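Following: one structure in structure tokens, then a few remarks.
The values are calculated or read from the model by the stated rules, or taken from the named source; none is laboratory data. Quantities reported herein were computed from a predicted structural model and do not represent experimental measurements. Methodologically, a virtual Cβ is constructed for each residue, glycine included, from the backbone with ideal geometry; neighbour enumeration extends over all protein chains shown. Note: accessible area is taken over every heavy atom of the protein model, side chains too, but ligands, DNA and RNA are not part of it. Shrake-Rupley method; radii C 1.70, N 1.55, O 1.52, S 1.80 Å.
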Amino acid sequence: MNSMKFRRTALAVAAATLLPFSLVACSDSGSKTEAASSAAAGDEATTPASSPSEAPMTDDQPFGPACAGVPKEGAGSFDGMAKDPVATAASNNPALSTLVTAVKQAGLVDTLNNAENITVFAPTNDAFAKIPKADLDKVLADKATLTEILTYHVVGQKLTPQQLENGSFETLQKGMITTKGSGEDYTVNDTSKVVCGNVKTANAHVYIVDTVLMPK
């Protein structure tokens, strides 16, 4: 009897001794599980998949060194030109004033403004300045020749920069022009360099070039 009481007492003491350890172990296990879950949740919150997405990169923007000279605001800005047909848009760009004068002289303002989905290779004032003044004045005074030259700068479709990488296109003058290049570096007919490309107007894509193109 005494032996049985002794064993019961011993078991009770052992149980009383082990119980706090088991409770602590369970508590530690729960804390570690919660901590692991919290850490996992924190990791998920910082993974790229759950981070705010950055704005997608696009190559559908104007490019080239001369683009820096385009006004930031107003009718002559990229946003302003996008709202107007091409001849009107060009008239708002000071670097294209000689071209605009030539277009008016040839009577092509309405033709260009009313055309749909065209590409214009637009020579800068400096491009026209490469032509001796006497020769330029003679061309400006000859409407038929001027029309031939100006319509040679127009293609009857909107061309993307990718299409210029190795292209050959018929112009409104019925002659052919060739383009080549990549990235932000393109030339037309191997002589005229695109200095501000992929400019949008209401009815055209414009590539501003540094040399006047001459039909054969």
Quiz item: Among (1) β-branched (V, I, T); (2) under 23 Å from P85 (Cα atoms); (3) assigned to a helix (DSSP H, G or I); (4) in contact with a Ser or Thr (Cβ under 8 Å, 6 or more places away or on another chain), which single condition is V139 missing?
Solution: (2)
Exercise. For the range 129-148, state whether one or more residues are open to solvent by 70 Å² or more (accessible area, probe 1.4 Å), under 23 Å from D60 (Cβ atoms) and without any contact (Cβ under 8 Å) to a residue 12 or more places away in the chain.
Key: no
Exercise. Kindly list the number of the only condition in (1) farther than 25 Å from N125 by Cβ; (2) open to solvent by 70 Å² or more (accessible area, probe 1.4 Å); (3) among the polar types (S, T, N, Q) that fails for T191.
Key: (1)
Quiz prompt | Residues of the range 156-181 that turn out to be farther than 17 Å from P62 by Cα and in a strand (DSSP E or B), as a count | solution = 11
Practice problem: Considering only the range 55-74, state which residues are at pLDDT 95 or above and either open to solvent by 50 Å² or more (accessible area, probe 1.4 Å) or farther than 21 Å from Y186 by Cα (or both). | Solution: P65
Quiz prompt | Cβ-Cβ under 6 Å pairs, at least 6 apart or on other chains, the range 190-216 side hydroxyl-bearing (S, T, Y) and modelled with pLDDT of 95 or more, far side part of a strand (DSSP E or B) and crowded, with 23+ Cβ neighbours inside 10 Å | solution = S192/V209; Y207/F121; Y207/V194; Y207/G197
Exercise. Being touching an Asp or Glu at 6+ places or on another chain (Cβ under 7 Å) and surrounded by 19 or more Cβ atoms within 10 Å (Cβ to Cβ) is the filter; apply it to the range 199-216 and report the residue that is farthest from A122 (Cα to Cα).
Key: N203
Practice problem: Would you point out the residue of the range 149-162, among those that are open to solvent by 40 Å² or more (accessible area, probe 1.4 Å) and in contact (Cβ under 8 Å) with a residue 12 or more places away in the chain, that is nearest to A102 (Cα to Cα)? | Solution: G156
Quiz item: What is the residue count in the range 80-94 for residues that are open to solvent by 40 Å² or more (accessible area, probe 1.4 Å), at pLDDT 95 or above and either assigned to a helix (DSSP H, G or I) or of a type in the set (A, V, I, L, M, F, W, C) (or both)?
Solution: 3
